[in-house]
Every structure is written in C-alpha cells, then in structure tokens.
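Here the structure is laid out as structure tokens; the discussion comes afterwards.
Every read-out reported here was derived from the displayed coordinates using simple, explicitly stated rules and does not represent laboratory data. From a predicted model like this one, the values you see are computed outputs, not experimental measurements. FYI the Cβ positions are ideal-geometry reconstructions off the backbone, even for glycines, and counts take in every protein chain you see.
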Amino acid sequence: MSLVTIDHTTCRRDGICSAVCLMGLFEVDGEGFPAFRADGDQRCIACGHCVAVCPKGAVHHEALPLEESPLLDQTLAVSVPALNQLLKGRRSVREFREEPVPEELVREAIDAARWAPSAVNRQPVHWLVIQTPAEVRRLAGLVVDYLRQSSKLEPRYALFIEQWDQGKDPILRNAPHLVVIHAPDDWIWSSVDGAIALTQFELAAVANGIGTCWAGFLMRAANGHPPLREALGIPGDHSVFGALMYGFPCYQYHRVPPRQAARVEWR
Ligand SMILES: Cc1cc2nc3c(=O)[nH]c(=O)nc-3n(C[C@H](O)[C@H](O)[C@H](O)COP(=O)(O)O)c2cc1C
C-alpha cells in the first residue's frame, strides 16, 4: 500500500497536489489522476502540502490523516495592520508580575510553534519549560557562576555579577518562567530551525498577553557551563539553541520606538 493514495471519486484531476509537491512525487496515470510515485514512500518529507491544498480532501496520506488536518477557517484571516502592530509592538519584557502564567496559554504557544518552517520538515526542536520561579532563579545563579569564571575574559560581566550579589537578577530578570529549546547537534539546521520555532512561540505568547525576553546569557552558558547543562538536563548530543524568560508584564508599552532603516539592496 502506497503512503499516499488518491480518492478517485472526489479527485478533480486538477493536478494541484502534484504542483505543490516540493519533491515532485506525483505522476499522472492513464486517466489523468495523480499517482504517487513508486519511490515516493522513501522520498516524502511528510510536509502535508498535498493534503492541505486539495479542496476536495481527495489526497490520503497515511502519516497525515485528514481527521488530523482540520479545515482552515477562511473568515479568520489576520488583518495586516493587526499583524504589523503585533510585530512592531512586541518588546523585550524585563519586569514581570509574580502571577503565574497559566500552563494552558503556554501549551497554546508551543502548539502554534509546531507549524514553524523547518529545513526538510525535520521539526527537530525539543522544549523544556521551567515553571517554578525558584528553579528559574537557581538557573540564573548557575549562569552567574559561569560569568564569574569568564569574568577575566569579559570584564563587562562584572556589572552583572555585582548586581546579582546585591540581590538583583540581571540574567533572568526575576521572571517566573523560562522556556528553553534544544535540538540535535548532528543536524546542520538546528540553530535556524530552533530560532524560528522560538520566534513563533514568542509571537503566539505575546498575542496572548504574555511578556517575553530572549535569555542570551543563559543560552551561552547552557552550552559552555556543564553544571547548567546538567541542571537543564540537555541530552549529550543536543545543544541549546534558544531560551526565553516569560511572565505577565508589569508595564504596558504605548509606542513603537524607531529602529534602523532596513539595509536593502534592490536589484
Ligand atoms: C539572541 C538574543 C539574545 C538576547 N539576550 C538578552 C539577554 O540576555 N538579556 C536581555 O535583557 N535581553 C536580551 N535580548 C533582548 C534584546 O536586548 C532586545 O531584543 C533588543 O534590545 C531590542 O529590544 P526589543 O526586543 O524590545 O525590540 C536578546 C535578544 C536576542 C535576539
């Protein structure tokens, strides 16, 4: 049985499943119906384009059942001004309320990030959600330990260490929660796939009123400081490719600060 079969009773023979297949895995049979190539099972990357594009639901992919491929609600199109406001109005939040973010909202954002593009649809990202503020604080302390060790190399770290010693948290900003993503080292696109997935998470979270900030220091320390790596439980053949502190923001932003003009060469 082929991985992909076509329902001839509903197929319109319009060829669009074939047109969108990036691997070119469809042929046309003697009656004009698309037919999955004999070597398709080995070459298909299960991106689901053939299933998603067919208006008649005539494409049946064994790994991507129609029941798990809901119809898009065409009335829910995002307005361009609203999307631009989300993109431009997002700010890195560094002051958080103590009130915990309900797990359900975080699940929703992680779920949205599952549809982020990934090279050859590998979807390599693993998620680690640190839910308790005490654990976030402990991890920040381990980052500070790392900075103390590196302070000879990077003098600017001294300021952060000083703040930490005064009881402040310049690393994870007393955020109540932290999300970390890691992925296999032997996949060349892990860093790109990871950054895209976490960006998609971030936008979904912000749309739900959650404040986020990339945790660059923790990301660096996670791959360079074994005690932190161990505390996070990162598998030996994985690296950390992104981390975001998050929580409900203390303050609302009212304006969009200017940014540099885009450096674009039009050809
Ligand atoms: C990879 C990366 C690492 C970052 N690391 C930190 C960090 O460790 N601490 C922090 O406060 N902000 C961090 N930021 C946030 C940037 O400082 C912030 O994006 C920038 O100042 C622009 O502000 P905006 O995000 O509010 O537009 C990081 C951002 C990125 C993309």
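Worth pointing out:
- No disulfide-compatible partner, judged by a Cβ distance under 4.7 Å, exists for the following cysteines of the chain: CYS11, CYS21, CYS44, CYS47, CYS54, CYS213, CYS250.
- Dimensions of region 1-160 based on its C-alpha atoms, expressed as ranges along the principal axes with the largest first, amount to 73, 37, 26 Å.
- Estimated FRET transfer efficiency (ILE45, ASN84; beta-carbon r; R0 25 Å; 0.05): 0.20
- The residues packed around LYS88, meaning those with a beta-carbon under 15 Å from its beta-carbon, carry a net charge of +3 if Lys and Arg are +1 and Asp and Glu are -1.
- Between helix 103-113 and the chain: long-axis angle, C-alpha atoms, 0 to 90°, nearest 10: 50
- Under-5 Å amide H pairs with VAL240, H placed in peptide plane, nonlocal only: none
- With θ taken as phi - 60° and the Karplus curve 6.51 cos²θ - 1.76 cosθ + 1.60 applied, the whole-hertz 3J(HN,Hα) list for region 135-143 is 6, 4, 5, 4, 5, 4, x, 5, 5 Hz, x standing for glycine and proline.
- For region 165-262, the Cα gyration tensor yields ellipsoid semi-axes of 25, 19, 12 Å (square root of five times each eigenvalue, largest first, whole Å).
- Anchor LYS168: lysines whose Cα lies under 23 Å away (excluding residues fewer than 8 positions away in-chain): LYS152
- When the helices of the chain are scored as -39500 (n - 2.57) per DSSP H run of n ≥ 4 and the total is divided over every residue, the value at 222 nm lands at -10500 deg cm²/dmol.
- Counting charges near VAL59 (Lys, Arg +1; Asp, Glu -1) among other residues having Cβ under 13 Å from its Cβ returns a value of 0.
- Here the chain is scanned for GluC sites (Glu not before Pro) in DSSP loops (not H, G, I, E, B) that have at most 13 other Cβ atoms within 10 Å, and the longest stretch holding none of them is 99-264.
- Nitroxide proxy distance, nm - points 7 Å out along Cα→Cβ at LYS168 and MET23: 5.3
- Charge context of GLY242, other residues only, Cβ under 12 angstrom, K/R +1, D/E -1: -1
- Under-5 Å amide H pairs with GLY211, H placed in peptide plane, nonlocal only: GLY247, PHE248
- Taking 0.36 nm per residue of sequence separation and removing the Cα-Cα distance, the THR75/TRP115 pair yields an extension gain of 12.4 nm.
- Reachable lysines, given that their alpha-carbon falls under 20 Å from the alpha-carbon of LYS56 and they are not under 8 places away in the same chain: none
- Taking HIS238, HIS254, HIS60 as the candidate residues, the one with maximal mean-square fluctuation in a Gaussian network model of the chain, Cα springs under 10 Å, is HIS254.
- Excluding exposed DSSP-loop chymotrypsin sites (Phe, Trp or Tyr not before Pro) (at most 13 other C-beta within 10 Å), longest clean stretch of the chain: 116-250
- Cα pair distances of region 4-68 binned at 5 Å [whole percent]: 4, 19, 36, 27, 13, 2, 0
- Listed values for region 260-267 are Karplus-derived 3J(HN,Hα) couplings in whole Hz (6.51 cos²θ - 1.76 cosθ + 1.60, θ = phi - 60°), namely 4, 5, 5, 8, 10, 10, 8, 10, and x replaces Gly and Pro.
- For the chain, projected area of the alpha-carbon convex hull averaged over all directions, nm²: 19.7
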